[in-house]
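Visitor: This is the structure, below, for whatever I ask next.
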RNA sequence: GGGUUGGUAGCUCAACGGUAGAGCAGUUGCCUUUUAAGCAAUUGGUUCUGGGUUCGAAUCCCAGCCAGCCCA
């Protein structure tokens, strides 16, 4: 295919690079098979330099060539690896004429390895004085522009690998995510929680009210749903005697895509026997504070959309759902009124009320559209109406409400938690009431498990994506998901010249 | 699903009814401690797709595709 490239082509960067590759191959070099073993990541190499002892510490580093400054008989270049960038200094009379000429033929984006000793340039940058180098993978496509990076949001999402190569902020955000998850694991493991994995393919998609994705298993001849929650299987683990259990897993909801929603997202769910929603309040506060300190080194993080600084270290507000609704509607008698009055009031606030809604759904709409977005500082919303969740214990003091909280931070629901319903008869009744005309949506196997006895427990879910949004100041969930869902692009075969 | 904004060189962006440009990247030179290196020269376009209006369309109109934002 390289023979199809006119020798004089200089404008088509893909063709030029293919020609360079063909020349290398013709000279007996296969850059995709070169062997190179780095001794240091860039960050480690920078730390390995000893002040005042230039050219004494040998290192071998490897990564993608992201800048080249050609000075004639010497060059400065930077390679990028998972820890960041390190500068290389390539001097003609050090590497020799042939190697120097080969270095000049490299392209931005090529993956190379370099050996040499560390020194500090006169501007104070720790740099590898290159003694030898190897091209270990040729890049046939050019990198995006070095200063503005990749700005087109569509390309950022579709070609995230390029975004990560050129956009520092994206790297920071997506690397931070892995530290959030590992920090959560450490926190829970230190408290004797056991991590498990439960099925994604389920015959009943329970544990939440959401539209599921469906799929089909050929060998069994059975349709399955992708899970919409982790809850019902983790509770089976409580029945099994695993008293503190958690899962960090992907769940799938066949609903709209927005700044706060991706059809697949990551949830932490944890269950602690002999605890309650009150216990969960203490646990989640401790957990988020520790994650925050470990990952970003402070209790306070800017929330760009509101301009406020979220303070994880302060006292977290506790307020009842009813009080919030009464305050927002300016109507102390709100919960004494009927559906028609609620609808009229909601519409007056500019909210759209769907025809089929129950009364409690009208109020829930007021909460989610008018109240939740204003809860920027960590806020436990307590005493939610019992219609909102069939899996929580009904409050003894006020049987119209549940022993639950909804933790809101940054105007988003971050973590719901309950005192878990463990009475199989009440659970069955709640399921039946919620299922309405769809009895097939009841997980009878779960009810059977409950009849074997589940210890009283506190349980909680934490939206990992949203937590990462808070900690990174991201305004869209897409900014903390590596490959967010998009409509498939027109398939274009790569390659060729 | 509705509204709205956008889609122009590999990338980031101009051009607002009259010859499609710049910066970076590329190519060719010069330069042995640079920092978005510098200097000189230079290549590169199905203006998302398809229709329409017009003497003339990147630009105006219609439809479609993709994306962002707002709403549902």
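Laboratory data are not the source of any read-out in this text; all were calculated from the coordinates shown. This one's a predicted model, so the numbers in the text were calculated from it and none came from an experiment. Using ideal geometry, Cβ is built from the backbone for each residue, glycine included, and neighbour counts are taken over all protein chains shown.
Visitor: Within 10 Å, count the other beta carbons around each residue, average over each peptide in A:107-117, A:429-439, A:236-246, and list them highest first.
Guide: A:107-117, A:236-246, A:429-439
Visitor: Just need the relative contact order of region A:255-370 here, percent rounded to a whole number, with Cα pairs under 8 Å and 6+ apart. Display every interim value, and only then the final one.
Guide: Details: 60 pairs, mean separation 15.0, N = 116.
The value is 13 percent.
Visitor: Here's another thing I want to ask about it. Using only Cα atoms, what Kirkwood radius does region A:169-216 have, in angstroms?
Guide: Evaluated on region A:169-216, it is 14.1 Å.
Visitor: Counting each DSSP H run of 4 or more residues in chain A as -39500 (n - 2.57), what helix-only mean residue ellipticity at 222 nm follows after dividing by all residues, to the nearest 500 deg cm²/dmol?
Guide: Calculated at 222 nm, the ellipticity per residue is -9000 deg cm²/dmol.
Visitor: Short version: what are the Cα gyration tensor semi-axes of region A:126-282, square root of 5 times each eigenvalue, largest first, in whole Å?
Guide: 39, 24, 16
Visitor: Also: Treating the angle as unsigned and between 0 and 90°, give the value, to the nearest 10°, between the Cα long axis of helix A:339-348 and the longest Cα principal axis of chain A.
Guide: 40
Visitor: When DSSP assigns beta bridges and you keep just the ones with both residues in chain A, what percent turn out antiparallel, to the nearest 5?
Guide: Of the beta bridges lying entirely in chain A, close to 90 percent run antiparallel.
Visitor: Taking the alpha carbon gyration tensor of region A:10-51, what are the square roots of 5 times its eigenvalues, largest first, to the nearest whole Å? If you can, show how the numbers build up before the last one.
Guide: Values: eigenvalues 225, 48, 11 Å².
Listed largest to smallest, the semi-axes of region A:10-51 are 34, 16, 8 Å.
Visitor: How far apart, in nanometres, would the label points at residue A:368 and residue A:315 be if each is projected 7 angstrom from Cα along the Cα-to-Cβ direction?
Guide: Simple spin-label model gives 3.2 nm for this pair.
Visitor: Could you give the angle, 0 to 90 degrees to the nearest 10, between helix A:168-190's Cα long axis and the longest principal axis of the Cα atoms of chain A?
Guide: Helix A:168-190 sits at roughly 50 degrees to that axis.
Visitor: What are the radius of gyration and Dmax of region A:338-497, computed over its Cα atoms and given in Å?
Guide: My reading of the Cα-based Rg and Dmax gives 20.3, 74 Å.
Visitor: Considering Cα pairs under 8 angstrom that are at least six residues apart, work out the relative contact order of region A:361-452 and quote it in whole percent. If you can, show how the numbers build up before the last one.
Guide: Details: 127 pairs, mean separation 21.9, N = 92.
Normalised by residue count, the contact order of region A:361-452 is 24 percent.
Visitor: Let me ask something additional. Take residue A:91 and residue A:33, extend 7 Å from each Cα along the Cα→Cβ direction, and tell me the distance between the two endpoints in nm.
Guide: 3.6
Visitor: Could I ask something else about it? Taking R0 as 35 Å, what FRET efficiency do you get between residue A:179 and residue A:13 from their Cβ-Cβ distance, rounded to the nearest 0.05? Numbers along the way, then the final one.
Guide: Working: r = 36 Å, r/R0 = 1.03.
In this case the efficiency is close to 0.45.
Visitor: In addition: Kindly express, to the nearest 10 degrees and within the range 0 to 90, the angle between helix A:277-296's C-alpha long axis and the longest C-alpha principal axis of chain A.
Guide: In chain A, helix A:277-296 runs at an angle near 10 degrees to the longest axis.
Visitor: Here's something else I'd like to know. State the extension gain, in nm to one decimal, for the chain segment bounded by residue A:74 and residue A:282, taking 0.36 nm per residue of separation less the distance between their alpha-carbons.
Guide: Full extension from residue A:74 to residue A:282 adds 68.9 nm.
Visitor: For region A:34-136, how big is the tail of P(r) above 18 Å, as a whole percent of Cα pairs?
Guide: 39
Visitor: Round to the nearest 0.05 the FRET efficiency obtained for residue A:147 and residue A:361 when R0 = 41 Å and r is the Cβ-Cβ distance.
Guide: 0.25
Visitor: Provide Rg and Dmax in Å for region A:80-202, with only Cα atoms included in the calculation.
Guide: My reading of the Cα-based Rg and Dmax gives 20.5, 66 Å.
Visitor: Let me ask another. Along its principal axes, what span do the Cα atoms of region A:191-282 show, with the longest given first and each in whole Å?
Guide: On the principal axes, region A:191-282 reaches 40, 37, 18 Å in Cα extent.
Visitor: Any idea what % of Cα-Cα pairs in region A:258-305 are farther than 13 Å?
Guide: Result for the distance tail: 71 percent.
Visitor: Where does chain A land on Rg(C-alpha)/(2.2 N^0.38 Å)? Numbers along the way, then the final one.
Guide: Values: Rg = 28.7 Å, N = 497, 2.2 N^0.38 = 23.3 Å.
Here the answer is 1.23, to two decimals.
Visitor: If you don't mind, there's one more thing I want to ask. What are the semi-axes of the equivalent ellipsoid for region A:439-481, taken as the square roots of 5 times the Cα gyration tensor eigenvalues, largest first, in whole Å?
Guide: 36, 15, 6
Visitor: Determine one quarter of the surface area of the Cα convex hull of region A:223-376, which equals its mean projected area, and express it in nm² to one decimal.
Guide: Convex hull of Cα atoms, orientation-averaged projection: 13.0 nm².
Visitor: Normalised by the number of residues in chain A, what is the relative contact order in percent for Cα pairs under 8 Å and 6+ residues apart?
Guide: Averaging sequence separation for qualifying contacts and normalising by length gives 13 percent for chain A.
Visitor: In nm, give the distance between the simple-model label positions of residue A:168 and residue A:294, each being 7 Å from the Cα along the Cα-to-Cβ direction.
Guide: 2.7
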